Amino acid sequence: MKVSRRWKRWLIVLFLLGGLVASYERWRSWREASQDKVILAAAARYGVDPALVKAVVWRESWFNPDARGRAGETGLMQVGKDAATEWALAERVAPFTQSHLFDPGTNTLAGTWYLRRMLRRYPHTDNPLPYALAAYNAGATHVTRWSKGSASTNSAAFIQRIDFPSTKKYVLTVIEQRRRWTRIGVSQAFCSL
């Protein structure tokens with residue numbers, strides 16, 4: 001009798017844990033799909049891989065449109081004031097204020113525009129993505145400092161030269177997250193549309 005009660009308790013505990021895990025996975029899937037429409041629209045407008053834009057949003061704000069950074073970055077893609085102003089001028093968005101960046105659509109457009117600009121800045125490399133992500137995270141000045149010798153054209157050497165651990169981790173995790181969404185396919189990653 002005692003053994004059967006003990007087994008029942010364990011089964012109940014396992015059932016409850018399974019329910020918690022399933023609930024968390026459902027919530028995580030919902031959260032990851034919550035900004036798909038604005039991500040896809042910005043990616044299409046600026047010709048940037050939607051899986052990359054989604055990976056940047058994931059890393060920058062974890063899909064929270066109200067996110068605020070320590071240096072004044074705002075919204076889904078943690079767009080800074082200077083980048084936002086450049087985007088607004090280039091796209092003739094007027095009047096424009098920093099508060100507009102809390103709108104997910106505006107923020108994703110500005111961030112994707114800036115990301116595209118960074119990707120185009122490094123065409124001479126074997127893979128501009130690590131350079132662009134490092135510039136997006138730490139600024140182009142640091143990328144210039146890290147792009148010496150073979151690292152000026154070899155992305156693997158460039159990643160090794162990044163001496164900000166947080167930026168190196170940023171670059172590697174965004175690349176891996178992009179691979180994840182590319183593997184499952186854009187149609188599945190954006191199934192909520």
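The values are calculated or read from the model by the stated rules, or taken from the named source; none is laboratory data. The structure displayed is predicted, hence computed values, not measured ones. Here Cβ is always computed from backbone atoms with ideal geometry, including for glycine, and neighbour counts include all displayed protein chains. To get the accessible areas, we keep the full protein, side chains included, count just its heavy atoms, and leave off ligands, DNA and RNA. Shrake-Rupley method; radii C 1.70, N 1.55, O 1.52, S 1.80 Å.
A few notes on this one:
- Lone unmet requirement of (1) in contact with a helix residue (DSSP H, G or I) (Cβ under 8 Å, 6 or more places away or on another chain); (2) under 15 Å from N137 (Cβ atoms); (3) free of Cβ contacts under 8 Å to residues at least 24 places away in the same chain for A44: (2)
- Annotation for the range 145-152: no member residue is open to solvent by 20 Å² or more (accessible area, probe 1.4 Å) and either within 22 Å of A41 (Cβ to Cβ) or among the β-branched types (V, I, T) (or both).
- Qualifying positions in the range 79-105 - open to solvent by less than 30 Å² (accessible area, probe 1.4 Å) and touching a Gly at 6+ places or on another chain (Cβ under 7 Å): V79, G80, L101
- Residue under evaluation W30, criteria (1) outside any helix (DSSP H, G or I); (2) more than 15 Å from the chain's Cα centre (by Cα), criterion not met: (1)
- Residue list for the range 63-77, filter: open to solvent by 20 Å² or more (accessible area, probe 1.4 Å) and under 16 Å from R117 (Cβ atoms): none
- Cβ-Cβ under 6 Å pairs, at least 6 apart or on other chains, the range 127-153 side closer than 14 Å to Y114 by Cβ and hydrophobic (A, V, I, L, M, F, W, C), far side exposed (fewer than 15 other Cβ atoms within 10 Å of the Cβ) and modelled with pLDDT of 95 or more: A138/F164
- Here E60 fulfils each of the conditions (1) in a helix (DSSP H, G or I); (2) in contact with a helix residue (DSSP H, G or I) (Cβ under 7 Å, 6 or more places away or on another chain); (3) open to solvent by 20 Å² or more (accessible area, probe 1.4 Å); (4) within 21 Å of V171 (Cα to Cα) apart from (2).
Conditions (1) aliphatic (A, V, I, L, M); (2) touching a strand residue (DSSP E or B) at 6+ places or on another chain (Cβ under 7 Å), marked per residue:
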position	(1), (2)
Y46	no, no
R59	no, no
A84	yes, no
A94	yes, no
L101	yes, yes
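- Screening G139 with (1) open to solvent by 50 Å² or more (accessible area, probe 1.4 Å); (2) on the phi > 0 side of the Ramachandran plot gives one miss only, at (1).
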